[in-house]
Amino acid sequence: MSRAIAPLLALLGLRAPGLAAADGVAACPCINPYTHSSLSGASGIVQYLSGGSLRREIPGSSVVYTYPANYGNGCSAHDNGLPPSCTTDTRPSWCQVPWCYVDPSDCDGVTKVRTKYFPDVANLYFSYQTCSTDGASAGSSGADWTQQDVQLTKRLFALADNYAGGARTAVEAVKAPGDGNDNVSESDYACELTSDRQMCPCTDCFTSTVWAGKVDFERVGMLRDEGRGTEKEKGIAACMSQRVETQYKAIAAREMDPDFSKVGYMYFADQSTGGYTQWPREEACTWTGGDGGSYDPRYRPWYAGGATGPKDVVLV
């Protein structure tokens, strides 16, 4: 380590490489995102560092959150107490689970997911499982499946409700941009549906026999008919899709097995545009509606069954 880097790490409270405190399992060690060979330099996480803190910008918004400089460095419950998801009494359960950043090329047999918080940093992945003391996915619902059926059912409902609550909070922040933040107006939410999030076509998807289709585990995808909704409504729907990505990826990192062979989808639909968001991202160009036209989730049984009353979004 150079003499120039060492004082900086001491100032920020970061550990130098090689120290053994909470470094994850041997097959998937935690990394220091400031000094790791694939992340160091101007294109690494240091580009988000300002005034001794990391700055996280919300997609399509002027909102900026600041996180500690050692965020993600070493096993710790880094998200606990931090905005926007982990500051309330109803915070998602993953807020209190330890995790750290890892190198995907040096991480075997452990679930890891690409981060959404700092999108301009390529190859930045995180893992809950490497910080789990029992070797299972940290906080995974699978750990309790040997209990009595009634207890399992209660736990499953509670876990699903907790996860859905986190996703609901994320999308509601977009639907009511002025609530709790006087610096945000609805005009701030004008997100674009970029090509790397589109589900038709899904150029980065690969064929999976387990998932019976072409999927992309690194991203949350969105499918929409450009003819539905106003430009303002489509912008807000795209922002909701981007906001919920952090929630979906956190859940996937906790609940998925390392090979992503445990099939399970997370998705929601927007009432105004019929926009459909899903993890994992999936090739959807062949999807059609019941009448043979374009796919519209608002006519699917799961949406119609839940859309009773004044709801703008249905989360499943």
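Below are the figures for this structure:
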read-out: Computed over segment 215-316, Cα set: Rg, Dmax in Å; value: 13.9, 41
read-out: By average C-beta atoms within 10 angstrom, highest first, the peptides 232-242, 196-206, 65-75; value: 232-242, 65-75, 196-206
read-out: Cα→Cβ-extended label distance, 7 Å offset, between Gln96 and Asn162, nm; value: 0.7 nm
read-out: Gain upon complete extension [Lys262, Ala27; 0.36 nm per residue less C-alpha separation]; value: 82.5 nm
read-out: Relative packing of peptides 262-275, 283-296 - highest average C-beta neighbours within 10 Å first; value: 262-275, 283-296
read-out: Förster-model FRET efficiency, 30 Å R0, Glu192 and Ser38, C-beta, rounded to 0.05; value: 0.60
read-out: Stretch gain in nm, segment Thr209-Arg55, where the contour uses 0.36 nm per residue and the Cα spacing is subtracted; value: 51.5 nm
read-out: Proximal charge balance of Asp161 [Cβ under 12 Å; K/R count +1, D/E count -1]; value: +3
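Coordinate-derived values only; no laboratory data. This structure is a prediction, so every number in the text was calculated from the model and none was measured. So basically every Cβ, Gly included, is an ideal-geometry build from the backbone, and we count neighbours across all protein chains shown.
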